[in-house]
Amino acid sequence: MAAVFTRAKAYPAANMTITDLTADGSYPANGYPVTARDLGLLSIDSVQAYERTVQGNVAQFDVTNSKLKIFQTGAALSGLLSEAIAGDLSTANVFRLVAHGNPIL
């Protein structure tokens, strides 16, 4: 199963879309690939990402590689962040992506 993108809102006049990414159990190495089309855009200028569900993960958008990276912390990591691996996430993890760019009209 792959991550699922669901458009929450679009603000064409502000060149902004809000999209939810529902994770899956097979987090790919170096993050989930995200295309401009996944976000309802023709091109991406910036993306702010955060987790909507309370799972204690930190989301970061990698602009250079156009990927959403997920980092985790826990007792075994002594408070340090490490990138998630396959099996760490599930469909219970939903991430909100607030994107700016050239919108698809």
Condition first: touching a residue at least 60 places away in the same chain (Cβ under 8 Å) and in contact with a strand residue (DSSP E or B) (Cβ under 6 Å, 6 or more places away or on another chain). Now tell me which residues in the stretch 30-59 satisfy that.
Val34, Ala36, Leu39, Gly40, Leu41, Leu42
Only one of these conditions is not met by Asp45: (1) among the acidic types (Asp, Glu); (2) modelled with pLDDT under 95; (3) surrounded by fewer than 16 Cβ atoms within 10 Å (Cβ to Cβ). Which number is it?
(2)
Within the stretch 80-105, the residues that are modelled with pLDDT of 95 or more and β-branched (Val, Ile, Thr) are Val98
In the stretch 25-45, the residues that are polar (S, T, N, Q) and outside any loop (DSSP other than H, G, I, E, B):
Ser43
Is the stretch 58-79 home to any residue that is surrounded by fewer than 16 Cβ atoms within 10 Å (Cβ to Cβ), of a type in the set (A, V, I, L, M, F, W, C), under 24 Å from Tyr11 (Cβ atoms) and modelled with pLDDT of 95 or more?
no
Across the stretch 8-37, which residue is surrounded by the fewest Cβ atoms within 10 Å (Cβ to Cβ) among those that are touching a Leu at 6+ places or on another chain (Cβ under 8 Å) and among the charged types (D, E, K, R)?
Asp20
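The values are calculated or read from the model by the stated rules, or taken from the named source; none is laboratory data. Everything quoted here is computed from the prediction, not taken from an experiment. For neighbour counting, all protein chains shown are included, and Cβ atoms are generated from backbone atoms with ideal geometry for every residue, glycine included.
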